[in-house]
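Take a look at the structure below.
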Amino acid sequence: MQKEACPVGNSKHSYESLAQKLDKLVTDVVNLLILRGKIIATAESCTGGLISELITSVPGSSQVFELGICTYANRMKQKYLDVPEDELNSFGAVSKEVALSMVRGLKKASDADMCISVTGVAGPDGGTPDKPVGTVYAGFIYEDREFVELFRLYDLDDMSRDSVRNNTAACVFEVIQSLLMEEVM
C-alpha cells in the first residue's frame with residue numbers, strides 16, 4: 001500500500017520551530033517505544049543517518065535502537081539491504097519500490113519491531129520533472145503492516161537541503177508516533 005502524506009512537512013515552519021517540534025516528537029517516540037518494549041531500526045539514504053542520530057540523542061534510546069544503516073550509494077542498497085539491481089535501474093533509487101525493498105531488507109537484517117527506510121532527493125540539485133527536489137519515499141514495517149509514504153516536500157517554502165532532511169525526519173517520526181499511538185486507542 002502506498003500513501004501520500006506528510007503530516008509535518010507541508011506546514012510552514014521556521015527552522016527553529018521545526019527543530020523544537022522535532023526534539024519533542026523524537027523524545028515522545030523514543031518514550032513510546034520504551035513503554036511498548038519495541039525495537040526500531042533505520043535504513044537511510046537522503047537523510048544520511050539523521051533519523052538514527054535523532055533517536056540516539058534521546059536518553060534511554062539504547063533500550064529501543066539497535067541498528068541504523070546509511071546506504072547512500074545504490075551498490076550499498078544492494079549489498080546490505082538486498083535491493084534488486086533491476087529495481088534500481090527500472091524505477092530509480094528514489095521510488096516507492098526501492099523504499100519498500102530497503103525496509104524489507106532492513107527487517108530481514110534486524111528483525112526489529114519497527115523498521116523504517118528513507119530515500120529521496122534532498123537537493124539542492126538532482127531533481128527531475130518527475131522527481132523534483134523534496135520528493136521523498138519512506139518505507140515502514142510495523143507488526144503485520146508494511147507500506148510506503150510519499151512525502152511531497154517540494155511544496156515547502158524553504159527548499160534547502162537541511163530543510164528537506166529535517167522535514168523528512170519530522171514526517172517519519174509523525175508516522176511512527178501515529179502507529180505507536182494506535183495501540184493506545
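Please treat every number below as a calculation from the coordinates, not as lab data. Treat the numbers as computed from the prediction; the structure is a model and nothing was measured. Quick reminder, even Gly has a Cβ in these numbers, built from the backbone with ideal geometry, and neighbours come from all protein chains shown.
Brief remarks on what is shown
- Cα-based reach from Lys96 at 16 Å (exclusive), listing aspartates and glutamates while leaving out same-chain residues under 8 positions away: Glu4, Glu44, Asp82, Glu85, Asp86, Glu87, Asp130, Glu146, Glu149
- Extending 7 Å from Cα along the Cβ direction at Asp155 and again at Thr128 yields two label points whose distance is 2.4 nm.
- Cβ-based net charge around Ile39, under 14 Å, with every Lys or Arg adding one and every Asp or Glu removing one: -1
- Cα-Cα pairs of the chain separated by more than 21 Å (percent): 44 percent
- Extension reserve of the Ser17-Asp144 stretch, reckoned as 0.36 nm per residue once the Cα distance is removed: 42.3 nm
- An oblate overall shape is assigned to the stretch 82-178, the ratio a/c of its alpha-carbon gyration tensor axes (a ≥ b ≥ c) being 1.5 or greater and a/b not exceeding b/c.
- Centre separation in Å (Cα based) which lies between the stretch 138-170 and the stretch 72-87: 20 Å
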